[in-house]
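Everything on this sheet refers to the single structure shown next.
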Amino acid sequence: MAEINRAVKGTNDILPEESYSLRFVEQKMLETASKFGFREIRVPVFEHTEVFLRSVGDTTDVVQKEMYTFNDKGGRSITLRPELTAGVIRSAIEHGLVHGALPVKVCYVGGCYRYEKPQAGRLREFHQFGVECIGASSPVADAEVIALAKQILDGVGIQNISLAINSIGCPECRKAYHAALKNYFAQHLDKLCDTCRDRFARNPMRILDCKSPVCREIAANAPVVIDYLCEDCADHFKEVQAQLQAAGIDYTVDPHIVRGLDYYTRTVFEFISGDIGAQSTVCGGGRYDGLIAGMGGPQVPSLGFGMGIERLMLTLQNQHIALPKAPACDLYIAAMGEAASRRTAALCYQLRSDGFEVQTDLCNKGLKAQMKYADKIGAAFTLVLGDNEIASGVGVLKRMQDGETTEVSLDALSEQLLQLKNETALADLTEAIL
């Protein structure tokens, strides 16, 4: 019975005092993306399992260990999305976006689901902001997508963030690299975990992304893909770096970045925080030129990134970066009696239509309890409304900050409340400056 009153392991409730700050950050992301020409897209929270098998890759940890997959009542294999890129690409193919004016620039905010051990910055239900740029093969596009991620992180005030980039080449130049990896890992095959021994034959690059401490130690000395780039991939990577340098974006080349999903090609990148422990990657992305064709669409290049919102919020918290809080109630009207309650209903409706947040009693409380509640919710002003106020058409607004009172006409309450609110805001600003 106790389980009914607890959230499922690996999930979090977002309470009202947190949701406003979260919405602010998400809106900041969408607004910044719009300046780069990205428009919001929304895709289903679940897809046919094949969507992820063909895109994410059947040798990845995500597919092998972490997906929430089930058969629906029609016997179809359905998976809760472990990431959003695959669903967005599926949508772009289905609705013909890949055949329209290119590049197509889309962005999104949504929940994802992976069965893994919960820890700080890593949940089983988590949320991502991300972008996809479909139809651009130029290294200029790589640099622009990285610049967008940087501007988002700068825009919410995050500090101590570093950018690491790498190139993992194309399928052609990776053939030689795979051969080099197999030669290296063959010497350590008996020490690798069972999963990595299976990966050895099918996709040795996946061993580089294994979370096992033993496999990670072995992989640390493995050949690096950047030494095996073909001429085209090497030139592409050089131009990405030149574009970042021209934009004044600092970075380091980390030859060990491979990213955790199979669809990546050429440029990969990560923004890393030093303030959230082991789960240090706040944003990761890169290019995936073969993904659309691999999912049954035309040969159209694409790239993008995903940004973990929980990790971002944790970083902001650990860096003590203040985020806007929900605005306080503008006015609490304490109604005394049936007639006052009805007049209050009319006043509340009008004031809310005029843009004010107004609250009143919904629990049949006495005056003292109502005023105590108004104080708890941080109401800027209160107004007690009874028979005398209704008869005279005049009430008394009390500013809760200092107890100052002002007589107001009930028929002109909106105009006078706005004036008092502006005067209070100006006084607070002057005091802050002085």
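The values are calculated or read from the model by the stated rules, or taken from the named source; none is laboratory data. This one's a predicted model, so the numbers in the text were calculated from it and none came from an experiment. Methodologically, a virtual Cβ is constructed for each residue, glycine included, from the backbone with ideal geometry; neighbour enumeration extends over all protein chains shown.
In the stretch 31-78, which residues are of a type in the set (A, V, I, L, M) and within 22 Å of Ala92 (Cα to Cα)?
Selection gives Ala33, Ile41, Val43, Val45, Val51, Leu53, Val56, Ile78.
Condition first: touching a strand residue (DSSP E or B) at 6+ places or on another chain (Cβ under 9 Å) and surrounded by 15 or more Cβ atoms within 10 Å (Cβ to Cβ). Now tell me which residues in the stretch 168-208 satisfy that.
The answer is Ile168, Gly169, Cys170, Arg174.
Can you name the number of the only condition in (1) over 12 Å from Ala334 (Cα atoms); (2) free of Cβ contacts under 8 Å to residues at least 60 places away in the same chain; (3) surrounded by fewer than 17 Cβ atoms within 10 Å (Cβ to Cβ) that Ala380 fails?
(3)
Out of Ala369, Ala374, Ala345, which single residue is among the hydrophobic types (A, V, I, L, M, F, W, C), assigned by TED's automatic domain parsing to the domain that holds Val396 and crowded, with 17+ Cβ neighbours inside 10 Å?
Ala374
So in the stretch 159-171, with the set limited to residues that are modelled with pLDDT of 90 or more and not in a strand (DSSP E or B), which one is farthest from Leu312 (Cα to Cα)?
The extreme case among them is Cys170.
Could you say which residue among Leu30, Leu22, Leu53 is part of a helix (DSSP H, G or I), without any contact (Cβ under 8 Å) to a residue 12 or more places away in the chain and surrounded by 15 or more Cβ atoms within 10 Å (Cβ to Cβ)?
Leu53
Looking at (1) small (Gly, Ala, Ser); (2) out of contact with any helix residue (DSSP H, G or I) (no Cβ under 9 Å at 6 or more places or on another chain); (3) under 23 Å from Val300 (Cα atoms), which one does Ala164 not meet, given that it meets all the others?
All conditions pass for Ala164, except number (3).
Could you tell me whether any residue of the stretch 343-365 is farther than 30 Å from Lys28 by Cα, acidic (Asp, Glu) and in contact with a helix residue (DSSP H, G or I) (Cβ under 6 Å, 6 or more places away or on another chain)?
Yes, the stretch 343-365 contains a residue that is farther than 30 Å from Lys28 by Cα, acidic (Asp, Glu) and in contact with a helix residue (DSSP H, G or I) (Cβ under 6 Å, 6 or more places away or on another chain).
Which condition breaks for Gly306 when tested against (1) out of contact with any Leu (no Cβ under 6 Å at 6 or more places or on another chain); (2) modelled with pLDDT of 90 or more; (3) crowded, with 23+ Cβ neighbours inside 10 Å; (4) closer than 16 Å to Gly130 by Cα?
So the condition that Gly306 fails would be (3).
Quick check, is Ala335 more than 41 Å from the chain's Cα centre (by Cα), surrounded by 13 or more Cβ atoms within 10 Å (Cβ to Cβ) and not polar (S, T, N, Q)?
Considered against the rule, which asks whether it is more than 41 Å from the chain's Cα centre (by Cα), surrounded by 13 or more Cβ atoms within 10 Å (Cβ to Cβ) and not polar (S, T, N, Q), Ala335 comes out as yes.
Which one is modelled with the highest pLDDT, of the residues in the stretch 41-60 that are more than 23 Å from the chain's Cα centre (by Cα) and hydroxyl-bearing (Ser, Thr, Tyr)?
Looking at residues that are more than 23 Å from the chain's Cα centre (by Cα) and hydroxyl-bearing (Ser, Thr, Tyr), I get Thr49.
So that you can scan it fast, the table gives a plain yes or no per residue for (1) farther than 24 Å from Val8 by Cβ; (2) of a type outside the set (Asp, Glu); (3) assigned to a strand (DSSP E or B):
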| site | (1), (2), (3) |
| --- | --- |
| Gly74 | yes, yes, no |
| Thr79 | no, yes, yes |
| Ser91 | yes, yes, no |
| Val98 | yes, yes, no |
| Lys105 | yes, yes, yes |
| Val109 | no, yes, yes |
| Cys112 | no, yes, yes |
| Gln128 | no, yes, yes |
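Any idea which of Val214, Val282 is buried (at least 23 other Cβ atoms within 10 Å of the Cβ) and either in the same structural domain as Ser162 (by TED's automatic domain parsing) or β-branched (Val, Ile, Thr) (or both)?
When all the criteria are applied, what remains is Val282.
Tally the residues that are crowded, with 23+ Cβ neighbours inside 10 Å and more than 24 Å from Lys35 (Cβ to Cβ), restricting the search to the stretch 88-111.
So the answer is 1.
Output the number of the condition that Arg266 fails; it satisfies all remaining conditions of (1) at pLDDT below 90; (2) not in a loop (DSSP other than H, G, I, E, B).
(1)
If the requirement is being within 26 Å of Met295 (Cα to Cα) and of a type in the set (D, E, K, R), which of these qualifies: Arg197, Arg259?
Result: Arg259 is the single residue among Arg197, Arg259 that is within 26 Å of Met295 (Cα to Cα) and of a type in the set (D, E, K, R).
If I ask for residues that are among the polar types (S, T, N, Q) and either in contact with a Cys (Cβ under 6 Å, 6 or more places away or on another chain) or assigned to a loop (DSSP other than H, G, I, E, B) (or both), which ones from the stretch 293-351 would you list?
Those that are among the polar types (S, T, N, Q) and either in contact with a Cys (Cβ under 6 Å, 6 or more places away or on another chain) or assigned to a loop (DSSP other than H, G, I, E, B) (or both): Gln299, Gln319.
So Ile226 clears everything in (1) in contact with a strand residue (DSSP E or B) (Cβ under 9 Å, 6 or more places away or on another chain); (2) surrounded by fewer than 17 Cβ atoms within 10 Å (Cβ to Cβ) except one condition, right? Which one?
Unmet condition: (2).
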